[in-house]
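Notes follow the structure.
The values are calculated or read from the model by the stated rules, or taken from the named source; none is laboratory data. Note that this is a predicted model, so its numbers are computed, not measured. A quick note on method: Cβ atoms are made from the backbone with ideal geometry, for glycine too, and the neighbour counts reach across all protein chains shown.
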Amino acid sequence: MSSRRRGHLYRRLLSEAQPFWTHVAGLLILGVLSSIFTLLTPLPLKIAVDSVIGSKPLPAPLDALPHAVTGSHTGILVFAAVLFVAITLLRQLEQFASLVLSTYAGQKLLLSFRARLFRHVQRLSLAYHDTKGVTDSTYRIQYDAQSIQTLVIAGVIPLFTALFTVGGMLYVTLNIDWRLGLIALAVLPPLLVVMQAYRQRLRRGWHEAKALESSALSVVQEALSALRVVKAFGQEDRERERFVGRSGESMRVQVGLSRAEGSFGMLIALLMGLGAGAVLFVGAQRVRAGALTVGDLVLVMAYLQQLYQPLQTISKKAGSLQASLASAERVFSLLDQAPDLVEAPHARRLKRAAGAVAFRDVWFSYDGEAPALRDVSFKLEPGTSAGIAGATGAGKTTLVNLLARFYDPTIGRIELDGIDLREYRIADLREQLSIVLQEPVLFSTSIAENIAYARPSASRVEIEAAAAAANVHDFASALPEGYETAVGERGMRLSGGERQRIALARAFLKDAPVLILDEPTSSVDVATEELIMEAMKRLMSGRTTIMIAHRLATLDGCHLRLQIERGRVVDRRPGHELAEPRAATDSVSVGS
């Protein structure tokens, strides 16, 4: 990664932490206190060696203590012991406060970032999710997002504390004996060279490992979401092998990374050992020459061990943080994905539409090459209905996806009440639509909550009225827990017909002026279809409706009926039966 890109990444990390600056400042203050306590820790030992075992006076400013302390070896020893206990207690209090504050700040930061990431992912186009799959986004939200917490709370602050401690210890060591200080500093240049050599290698490896972990998770998600199919075809072992294969690739990469980190750690330890050995050798010679006291050497060696400990922390963090930096790059790349649908800067507000719908010379392609819709034109007056028939893949669902503005036309325009959809606020536009899909989407909550998903503020009376209109009330009331019955994941505790009627009740409750029915009876039996059709007729009353169906009989009663083949409208007529499907030709274009 170039220094420019690296600097940009660090600036983004700091901007994420900015709203929590008071928490970070508190942690930095605690870090400074930790460094001070670390610097003070060897002091009681020096006092005991030089002023109790030896005959040296107490160092300034301790020599200003009362005579009761400084007047005898026992008094000095008691003072040294009390000082040691006090420093230990204060360090523990500081560590306790740091633990609580870092956990609180880290979790708040992570929750805020995940929420923003989740909101952004929901705003991305269906085309993005169709291409990438939901598992990749899930992995980045749930796992990669943790890098923000790791880098800011568990990375930057300990690094700052370690650097502060190193600076303090070098200052004290240089004041005791500048020669020993310079020898201690000699390990820094090779340390920086080793860190730079390993950093890029580890970052690349962690990028690969994260991608492989996401891929393995996609196998789990795919297999469990289609578990009935897996079991029906007896493919459990095959799915297990797919998972083991993907996970095995990730394992091999991570084992390689652990070897690299282990080698890195060994080099760091070797450099530290050489530095400490050189200081001990020279320091002992200085004591023998009378240039240093034993207490000074003990203090220098104690500082040196604690000096090298934060240096080792910095080195290890620089290695381990590459995984977090790789994750941060992945989540920021997701945040950088621009939504395909851009709302106009001064988009129109829309409270409730009359319901006039018009497609004008609409072309659309998912991939920019093969058109899914070709020159489609038709118009619906408020309160009228259009029935759309055609083979699978003809473009029927694409048409209603454009009306809901899940995508924008490649060419042409779609109007609601004479205004291009792209001129409306997206949220206001979708408030005008109720959609009932071929596969009803229910959430793993109660029947009442699923109906109220259309309007969470609805009263229980309104929910039950919508349920009655959709022929839900009878079967819901007969259940042991009534409307509070949990429907299970994706509604799997209910039959297909029951799920579909709940979806219709949701549309009743929303009471939108435009209704989209995407093959709502394609997967139910005849008796259930009659119940659903009865409810649909009530729902369609007074609303502009577009109904998609394979069975032409389902479209009886629609004011306009369209036949779509290969993305073209090949037949258009009011009511009654459509002609049998025929081959599409480039010359066919049905206008309003």
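Among all residues of region 244-251, there is at least one that is surrounded by 15 or more Cβ atoms within 10 Å (Cβ to Cβ), assigned by TED's automatic domain parsing to the domain that holds His207, in contact (Cβ under 8 Å) with a residue 40 or more places away in the chain and over 24 Å from Met492 (Cβ atoms). Scanning region 569-584 turns up one or more residues that are under 28 Å from Pro371 (Cα atoms) and modelled with pLDDT of 85 or more. Contact map, region 552-563: first residue charged (D, E, K, R), second residue loosely packed, with under 15 Cβ neighbours inside 10 Å and modelled with pLDDT under 75, Cβ cut-off under 7 Å, separation 6 or more or different chains; pairs are Arg561/Gly575. Can you tell me which residue within region 177-187, out of those that are surrounded by fewer than 19 Cβ atoms within 10 Å (Cβ to Cβ) and in contact (Cβ under 8 Å) with a residue 12 or more places away in the chain, is farthest from Leu217 (Cα to Cα)? Once the filter is applied, the top-ranked residue is Arg179.
If you take just the helices (runs of 4 or more DSSP H) that sit entirely in region 1-109, which of them hold at least 3 residues that are of a type in the set (A, V, I, L, M) and out of contact with any Ser or Thr (no Cβ under 9 Å at 6 or more places or on another chain)?
3-17, 21-40, 43-47
Note on region 446-462: residues that are under 20 Å from Arg490 (Cα atoms) and surrounded by 15 or more Cβ atoms within 10 Å (Cβ to Cβ) amount to 10. Take Ser446 and tell me if it is farther than 19 Å from Ile546 by Cα and either touching a residue at least 24 places away in the same chain (Cβ under 8 Å) or basic (Lys, Arg) (or both). Answer is yes for this residue.
Only residues that are surrounded by 13 or more Cβ atoms within 10 Å (Cβ to Cβ) and closer than 13 Å to Leu43 by Cβ were counted across region 54-87, and they come to 11.
Gly383: part of a loop (DSSP other than H, G, I, E, B), in contact with a Pro (Cβ under 9 Å, 6 or more places away or on another chain) and outside the structural domain of Ile141 (by TED's automatic domain parsing), yes or no? Yes.
Scanning region 211-229 for residues that are in contact with a helix residue (DSSP H, G or I) (Cβ under 6 Å, 6 or more places away or on another chain) and either at pLDDT below 75 or of a type outside the set (Val, Ile, Thr) (or both) yields Leu212, Glu213, Ser214, Ser215, Ala216, Leu217, Ser218, Gln221, Ala223.
In region 389-412, which residue that is among the small types (Gly, Ala, Ser) and in a strand (DSSP E or B) is surrounded by the fewest Cβ atoms within 10 Å (Cβ to Cβ)? Looking at the filtered set, the residue picked out is Gly412. Counting the residues of region 392-425 that are of a type in the set (A, V, I, L, M) and touching a helix residue (DSSP H, G or I) at 6+ places or on another chain (Cβ under 9 Å) gives 6.
Restricting the search to helices (runs of 4 or more DSSP H) fully inside region 170-241 and requiring at least 2 residues that are among the polar types (S, T, N, Q) gives 188-225. Within region 332-388, being among the hydroxyl-bearing types (Ser, Thr, Tyr) and loosely packed, with under 13 Cβ neighbours inside 10 Å holds for one residue alone: Ser333. All of Ala527, Ala512 fail the test of being surrounded by 15 or more Cβ atoms within 10 Å (Cβ to Cβ) and of a type outside the set (Phe, Trp, Tyr), apart from Ala512. Applying a threshold of 8 Å to beta carbon distances and a minimum spacing of six or more residues, or different chains, the list of pairs starting in region 342-356 at a residue that is within 11 Å of Pro513 (Cα to Cα) and ending at one that is surrounded by 12 or more Cβ atoms within 10 Å (Cβ to Cβ) and polar (S, T, N, Q) reads Arg352/Gln432; Ala353/Gln432; Gly355/Gln432; Gly355/Thr544; Ala356/Thr544. Residues in region 488-508 that are touching a strand residue (DSSP E or B) at 6+ places or on another chain (Cβ under 9 Å) and either closer than 25 Å to Glu431 by Cβ or modelled with pLDDT of 85 or more (or both): Gln500, Ala503, Leu504, Arg506, Ala507, Phe508. If you go through region 517-537 one residue at a time, do you hit one that is touching a strand residue (DSSP E or B) at 6+ places or on another chain (Cβ under 7 Å), modelled with pLDDT of 80 or more and more than 15 Å from Val436 (Cβ to Cβ)? Within region 517-537, none of the residues are touching a strand residue (DSSP E or B) at 6+ places or on another chain (Cβ under 7 Å), modelled with pLDDT of 80 or more and more than 15 Å from Val436 (Cβ to Cβ). Among the candidates Ala211, Ala162, the residue that is assigned by TED's automatic domain parsing to the domain that holds Leu39, small (Gly, Ala, Ser) and touching a Ser or Thr at 6+ places or on another chain (Cβ under 8 Å) is uniquely Ala162.
Taken together, the residues in region 131-159 that are surrounded by fewer than 17 Cβ atoms within 10 Å (Cβ to Cβ), touching a residue at least 60 places away in the same chain (Cβ under 8 Å) and farther than 14 Å from Ala328 by Cβ amount to 3. In region 388-442, the qualifying residues are those that are without any contact (Cβ under 8 Å) to a residue 12 or more places away in the chain and among the small types (Gly, Ala, Ser), and the one that is nearest to Ala344 (Cα to Cα) is Ala427.
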